[in-house]
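S.K.: Okay, here's the structure, questions in a sec.
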Amino acid sequence: MSLRLIIADDHKMLREGLRRSMLDEGFDVLGEAPDGETAIAMAAEHQPDVMLMDVTMPGIGGVEATRQIRAANPDVKVVMLTMHADQEVVVDAIRAGASGYLVKDSAIAEIADAVRMAADGNTPLSPSLAASMLDEVRRAADEPEVAEPERSVSKREEEVLQLIADGCSTTEVATKLFISQKTVKNHLASIYQKLEARDRTQAVLSAVRMGIVTLD
């Protein structure tokens, strides 16, 4: 079954180009939104698997639209599209619940792969955006420690978190730990609950702050 996709961007030519390209990649494109308000309404109506979301749009911007969409429709994944690898935007998008972050000059194949990765629960990042995110993680790790509620993360969950922090996919984690992908996903669900995280990126941020994992 084809992944169901909605494209949100205020530039009509870019939307139409992405629509044609994503159709060619085998996705079921349910529609296009020219602004954040429309994106929120379409997400509620169509419940897509993934939304490609522009950051800068008139009215409600992409980050706020993502926050509202994820709050109302937690199963909908959002991949942000940005003009520049802006660290502040990346961090805001993480906090809003975005599942992936790409710059707009990414190749079509890279965007298509990012949609598939997001739908599978992974966190696709453009290399320049990944660098920004890691900078933020390292900065957060260097900040004075703030007392947090005790979290009982198991040894196996620590191993899963470390591999995720190292950039491994669900399949790679399963292979390295000699467990099934379903077991990995179960561990991740438990980790999200214990760390009060929406996704892998937030879980890694929390785990670094708590000293559970390290970044090379």
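S.K.: Could you run the Karplus curve 6.51 cos²θ - 1.76 cosθ + 1.60 with θ = phi - 60° over the stretch 174-190 and give me ³J(HN,Hα) per residue in whole Hz, x for Gly and Pro?
M.R.: Along the stretch 174-190, the couplings run 4, 5, 5, 9, 6, 10, 7, 5, 4, 5, 4, 5, 5, 4, 5, 4, 5 Hz.
S.K.: Suppose every Lys and Arg Cβ carries +1 and every Asp and Glu Cβ carries -1, with no other charges. What dipole size does the chain come out with about its Cα centre, to the nearest 20 debye? Can you show the working numbers first?
M.R.: Working: 23 positive and 36 negative charges, 128 e Å.
Approximately 620 debye in magnitude.
S.K.: Starting from 0.36 nm per residue, how many nanometres of slack lie between Lys185 and Glu110 once their C-alpha separation is accounted for? Each step should come with its number before you reach the end.
M.R.: On the way: separation 75, 0.36 × 75 = 27.00 nm, distance 2.40 nm.
Separation in residues times 0.36 nm, less the Cα-Cα distance, equals 24.6 nm.
S.K.: Let me ask something additional. Find the eigenvalues of the gyration tensor of the Cα atoms of the chain, then list the square roots of 5 times those eigenvalues as equivalent ellipsoid semi-axes, largest first, in whole angstrom. Walk me through the intermediate numbers first.
M.R.: Details: eigenvalues 173, 71, 49 Å².
Three semi-axes, in Å: 29, 19, 16.
S.K.: So if each residue of separation counts as 0.36 nm, and I subtract the Cα-Cα distance between Tyr192 and Met210, what length gain in nm does that give? Don't skip to the answer; put the middle values down first.
M.R.: Details: separation 18, 0.36 × 18 = 6.48 nm, distance 1.42 nm.
Stretched out fully, the Tyr192 to Met210 stretch lengthens by 5.1 nm.
S.K.: Which of the peptides 15-24, 71-80 is most tightly packed, and how do the rest follow, going by the mean number of other Cβ atoms within 10 Å of each residue? Let's see the in-between values first.
M.R.: Working: 15-24: 15.8, 71-80: 18.4.
In descending order of packing, they fall as 71-80, 15-24.
S.K.: OK, next. Specify the inter-centroid distance of the stretch 42-83 and the stretch 91-129, based on alpha-carbon positions, in whole Å.
M.R.: Here the answer is 13 Å between Cα centres.
S.K.: Would you kindly compute the Cα radius of gyration of the stretch 144-210 and its largest Cα-Cα separation (Dmax), both in Å?
M.R.: 11.7, 38
Throughout, read-outs are computed from the coordinates displayed, never taken from laboratory work. Model, not experiment: these values are computed from the prediction. Cβ coordinates were reconstructed from backbone atoms using ideal geometry, including for glycine residues, and neighbour counts include every protein chain displayed.
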